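Taking it in order: structure first as structure tokens, then the write-up.
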Amino acid sequence: MKEATIVGAGLVGSLWAVYLSKAGYNVKIFERNSDMRRESFTAGKSINLATSYRGWKALDNVGIGDEIRKIAIPMYGRTIHDAAGNTTFHTYGVNNQAIFSVSRRELNCKLMDLAEQSGKTTFYFNELCTQVDLVNTISVFENSLSGKKTKIKSDVIFGTDGAFSAVRYNAMQKCDRFNYSQHYIEDGYREILLPANEDGTHKLHRDSLHIWPKGRFMLIALPNFDGSFTCTLFMPFEGHRHCFKNLTGKDKVEAFFKEVFPDFFELMPSVADSWEKHPLASLVIIKCFPWVQNNTALMGDAAHATVPFYGQGMNCGFEDCSVMWDLMNKHKENWTKIFEEYQLLRKPNGDAVQELSLQNYLVMRDKVADEEFLTQQKFEKRINELYPEKYLPLYSMVSFSDIEYSKALKLGNEQDAKIKEIINKYNIRNKSSIIEMDEVIHNLFNR
């Protein structure tokens, strides 16, 4: 009988259990926390996720995509809220392409249920991984409630236990020539739950991601099914006039929102009362290599944790699953060959998604209201509409295709320089008519 151990019952670990069960493995999955399905649920308890093409591909590969779509809300673009309270809507792609808002917790619970339904996956909670024997493929766990220690022997071990992975810390980081770094960005985040109207309807347009860009920081909102929005304020911890360090007490929080986000304050005048309901959290990027030692591998955030500004952390982790699955089929479950190719394929893409995430933070907080950026976005979108086989904007490459992140990053940077050159040469402006843009585009592509 084929035996697999997964450390970490988060999104990637639970999905990977579905894959391994499909391949006939008996899967034991150990989680240091308690079973979230047995706890009371509050919407907005964690950053909502944006599921895009790569995530759906990984879910559809094992036939569970439609189950997840039942708990996901399509967002067809971003709505920008300016300082005067005006809004503008910008579509993400073409032909109603959308990314999907889904509660992290609700998604995680659903994936655990689906993994258990296979009949081959067993979850163990309150189990802290204290040791991994990389030579003999043995993992050791200690139950935080009883203190009981359990030793598990398996054919393969997968560390899917997040940015601060115990598998990585207790085993891989002790290996010779293992490279590891962690970098906290200057900004943190705090969540705010914007409640529904009294009749249960949404206070903002439902099928959109909402952004209040403020140059050095921003507020975003993603819709929930109950009419609420999970909102997240990203802002410096300190060193700026507006920073978390200065927001001490309800009076200062209320004054901040009245001054900086007055239209949001009108929607939620009780925002100061809700300020402490969710903790202030930090944002970290983790880089490491190798991701594999003998029959143990890291996946998801354990290998390549990133910041959330492209909405690709989960999608990248899910893509780890679909790539690993393809390699299992290619190499007929020869784990030495699978793992060797897996890390060579995925490491450049893990690095690239981290770079893309940092780049997109600048776009979201600084550029989405900038005239030059909006002109470039409009022009690129029109090129894609007219010549979809010849041109994909960077956002579409990342969110609506499975082009490797590393290739998308390289091509996107090259395209960015060329498009700016064309816009300047032909004096394209955001107010330029479609006819004017089309003439330039047709001339460029029909030379």
For this session: Please specify each residue of the range 222-234 satisfying the condition of being part of a loop (DSSP other than H, G, I, E, B) and either of a type in the set (D, E, K, R) or in contact with a strand residue (DSSP E or B) (Cβ under 8 Å, 6 or more places away or on another chain) (or both).
Result: 224, 225, 226, 228
Exercise. Can you name the helices (runs of 4 or more DSSP H) wholly within the range 394-447 that have at least 2 residues being farther than 17 Å from residue 94 by Cβ?
Worked result: 405-425, 434-445
Exercise. If we scan the range 235-253, do we find a residue that is assigned to a strand (DSSP E or B) and not β-branched (Val, Ile, Thr)?
Worked result: yes
Exercise. From the set of residues in the range 87-103 that are part of a loop (DSSP other than H, G, I, E, B) and touching a residue at least 24 places away in the same chain (Cβ under 8 Å), which is surrounded by the fewest Cβ atoms within 10 Å (Cβ to Cβ)?
Worked result: 94
Exercise. Does at least one position in the range 378-388 carry a residue that is over 23 Å from residue 50 (Cα atoms), assigned to a loop (DSSP other than H, G, I, E, B) and touching a residue at least 24 places away in the same chain (Cβ under 8 Å)?
Worked result: yes
For this session: Scan 24, 65, 8 and give me the residue that is free of Cβ contacts under 8 Å to residues at least 40 places away in the same chain and not assigned by TED's automatic domain parsing to the domain that holds residue 204.
Result: 65
Exercise. In the range 170-196, what residues are within 30 Å of residue 226 (Cβ to Cβ) and either in a strand (DSSP E or B) or not assigned by TED's automatic domain parsing to the domain that holds residue 226 (or both)?
Worked result: 187, 188, 189, 190, 191, 192, 193, 194
Exercise. Restricting attention to the range 206-243, which residues are exposed (fewer than 15 other Cβ atoms within 10 Å of the Cβ) and of a type outside the set (Gly, Ala, Ser)?
Worked result: 226, 238, 241
For this session: Among the numbered conditions (1) touching a strand residue (DSSP E or B) at 6+ places or on another chain (Cβ under 9 Å); (2) hydrophobic (A, V, I, L, M, F, W, C); (3) more than 30 Å from residue 400 (Cα to Cα), tell me where residue 84 comes up short.
Result: (1)
For this session: Sort through 420, 407 and tell me the only one that's closer than 22 Å to residue 320 by Cα and not hydroxyl-bearing (Ser, Thr, Tyr).
Result: 407
For this session: Among residues belonging to the range 244-259 that are crowded, with 18+ Cβ neighbours inside 10 Å and out of contact with any helix residue (DSSP H, G or I) (no Cβ under 7 Å at 6 or more places or on another chain), point out the one that is nearest to residue 164 (Cα to Cα).
Result: 244
Problem set entry | Search result, residues across the range 194-226 that are farther than 17 Å from residue 79 by Cα and touching a His at 6+ places or on another chain (Cβ under 8 Å) | 196, 216
For this session: Kindly indicate the residue of the range 365-420 that is of a type in the set (Gly, Ala, Ser) and crowded, with 17+ Cβ neighbours inside 10 Å and also farthest from residue 79 (Cα to Cα) among those meeting that condition.
Result: 406
Exercise. Which members of the range 331-362 meet the condition of being among the aliphatic types (A, V, I, L, M) and surrounded by 19 or more Cβ atoms within 10 Å (Cβ to Cβ)?
Worked result: 338, 352, 353, 356
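The values are calculated or read from the model by the stated rules, or taken from the named source; none is laboratory data. The model shown is predicted, which means the values in this text are computed figures rather than measured ones. Ideal geometry is used to build each Cβ from the backbone, glycine not excepted, and the neighbour counts take in all protein chains shown.
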